[in-house]
Amino acid sequence: MNLLIFGALTVLFAIASAQRGDSANACVVNDSFGRYCPTTCGVAEHLFKYTPGVYENLDYMLGELERIGNLTRGAEATVVHMRDSTPLAQKTSEPDMHYKRSTSMLEDVIRFEKTIISQEQQLFELQNYILTNERKMQELKMLARQLEQTCSLPCKDTVDISPITGTDCQDIANKGATTSGLYYVKPVAATEQFLVYCDIDTDGRGFTVLQRRKNGQVPFDRNWIPYKEGFGYLSPDDSTEFWLGLEKMSQLTAKAPIPYALRIELVDWLGNTKHADYAMFRIGAEEDKYRLYYAYHLGGTAGDAFDGFDFGEDPSDKIYTAHNGMQFSTPDNDNDRYDGNCALQDGSGWWMNRCHAGHLNGRYYQGGRYTEKDSGAFDNGIIWVTWHDRWYSLKETTMKIIPISRLTVTAGQQSGTKQFGGL
């Protein structure tokens, strides 16, 4: 049984290992964002290596099961014979001489019978367990055949990147691109092109995505250089997490001929979605610590956490948690207005004040809810307090930009707030 379990686990580990893309030959570096494996190439090699051993172990277990069954049947026949012979021996033998011996023999037979019954029960459980493992082995064999068919196709170790380029994703959409995916852009302020994910909708609007959180697989507890250059993984199907990089954000927005609007999209752990939009969004240069600028809050359903929030703890809460005009801080590069280090407390980079009311680069907490005990007394989750409170960490976030000229004013504006649709 142990051999069978070991064999099944070996196949499972081989499949899991291959799906992670552990084989260096199956991955390539894309624009300094790390390794991205678009196919399961290399899985067949692991399967072919371990599958024969698993089959051999399974055959051995089936032979052992048959041998145990034969032994049990022989023991059962012996018990029946001894039980039937004992009364006859008691009747035909001398009472005083043989009665006690026959009685003792009968007791031994009864004990032996109970042992056999117990062993039969254990054997029955073993048979059920083997049947269960046989079913699992059949499933593994089917999966192996499917993977063999998949990996019989020519290996593809790179992703398709569209030849269409532009200054940003809207420029790329204007040139005819209709599909979301990976594209190269070269903003006016950039000296060379770089890779981005473009979110292109059916109306021909192209959003350039700056940040993506989906599942917590990419750690955001980074220092200044990674936040400057970018980290995570770009994928053509938008299935991965990444931070585009402050320098690229600055190049995109610094000398743009048309000002950008920033859209922040949020998803909680119940699947609810909300958004917040900001006009004239721009990121400053590194000399100014990549300062965050925007003109005003356009609207949206998530509220305006960038404007700060009154937590009820101090009259200055709202002022000291506003983000507009703040420089970027990381644990090793403190530029906030707090006596301590907000980024060091939270373990991630952001445009900190004293400290924040919205923090999309915070720690990823599974399930959303977390406590002061979980976080060391710091509200360090992925928070947006004008929707959920500071002790609720969101499941998914997206930061993306688009030229503000692509937005149209909707009817039914609320007093004092500019409502824009179509984002």
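Values for this structure:
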read-out: Breaking point among (1) part of a helix (DSSP H, G or I); (2) polar (S, T, N, Q); (3) in contact with a His (Cβ under 9 Å, 6 or more places away or on another chain), for THR301; value: (1)
read-out: Segment 254-275: number of residues that are crowded, with 22+ Cβ neighbours inside 10 Å and in contact with a Pro (Cβ under 8 Å, 6 or more places away or on another chain); value: 2
read-out: Segment 191-229: number of residues that are among the acidic types (Asp, Glu), closer than 22 Å to ARG282 by Cβ and surrounded by fewer than 18 Cβ atoms within 10 Å (Cβ to Cβ); value: 2
read-out: Residue that is on the phi < 0 side of the Ramachandran plot and modelled with pLDDT of 95 or more, where the choices are GLY206, GLY181; value: GLY206
read-out: Of all residues in segment 230-247 being outside any loop (DSSP other than H, G, I, E, B) and touching a strand residue (DSSP E or B) at 6+ places or on another chain (Cβ under 6 Å), the one that is surrounded by the fewest Cβ atoms within 10 Å (Cβ to Cβ); value: PHE231
read-out: Qualifying position, being surrounded by fewer than 11 Cβ atoms within 10 Å (Cβ to Cβ) and either modelled with pLDDT of 80 or more or out of contact with any strand residue (DSSP E or B) (no Cβ under 7 Å at 6 or more places or on another chain) (or both), among ARG135, ARG101; value: ARG135
read-out: Matching residues in segment 303-328 - criterion: being under 25 Å from GLY284 (Cα atoms) and acidic (Asp, Glu); value: ASP304, ASP307
read-out: Subset of segment 358-385 that is in contact with a Phe, Trp or Tyr (Cβ under 7 Å, 6 or more places away or on another chain) and of a type in the set (Gly, Ala, Ser) - its residue that is surrounded by the most Cβ atoms within 10 Å (Cβ to Cβ); value: GLY358
read-out: Residue list for segment 269-293, filter: under 16 Å from MET352 (Cβ atoms) and over 30 Å from the mean Cα position of the chain (by Cα); value: GLY284, ASP288, LYS289, ARG291, TYR293
read-out: Residue within segment 341-357 that is within 28 Å of the chain's Cα centre (by Cα), crowded, with 19+ Cβ neighbours inside 10 Å and farther than 23 Å from PRO226 by Cα present; value: yes
read-out: SER250 in contact with a Lys or Arg (Cβ under 9 Å, 6 or more places away or on another chain) and among the small types (Gly, Ala, Ser); value: yes
read-out: Unique match (being in contact with a strand residue (DSSP E or B) (Cβ under 8 Å, 6 or more places away or on another chain) and either over 26 Å from ASP221 (Cβ atoms) or in a helix (DSSP H, G or I) (or both)) among ILE258, ILE319; value: ILE258
read-out: Sole exception among (1) free of Cβ contacts under 8 Å to residues at least 12 places away in the same chain; (2) at negative phi; (3) not hydroxyl-bearing (Ser, Thr, Tyr) for ALA322, by number; value: (1)
read-out: GLY308 being at positive phi, more than 26 Å from the chain's Cα centre (by Cα), buried (at least 20 other Cβ atoms within 10 Å of the Cβ) and free of Cβ contacts under 8 Å to residues at least 60 places away in the same chain; value: yes
read-out: Cβ-Cβ under 7 Å pairs, at least 6 apart or on other chains, segment 390-403 side part of a loop (DSSP other than H, G, I, E, B), far side surrounded by fewer than 21 Cβ atoms within 10 Å (Cβ to Cβ) and acidic (Asp, Glu); value: LEU394/ASP268; LYS395/ASP268
read-out: Residue match in segment 273-290 (condition: in contact with a Ser or Thr (Cβ under 7 Å, 6 or more places away or on another chain), more than 23 Å from ALA302 (Cβ to Cβ) and among the small types (Gly, Ala, Ser)); value: yes
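The values are calculated or read from the model by the stated rules, or taken from the named source; none is laboratory data. Predicted, not measured: the structure shown is a model, and the values here were computed from it. So basically every Cβ, Gly included, is an ideal-geometry build from the backbone, and we count neighbours across all protein chains shown.
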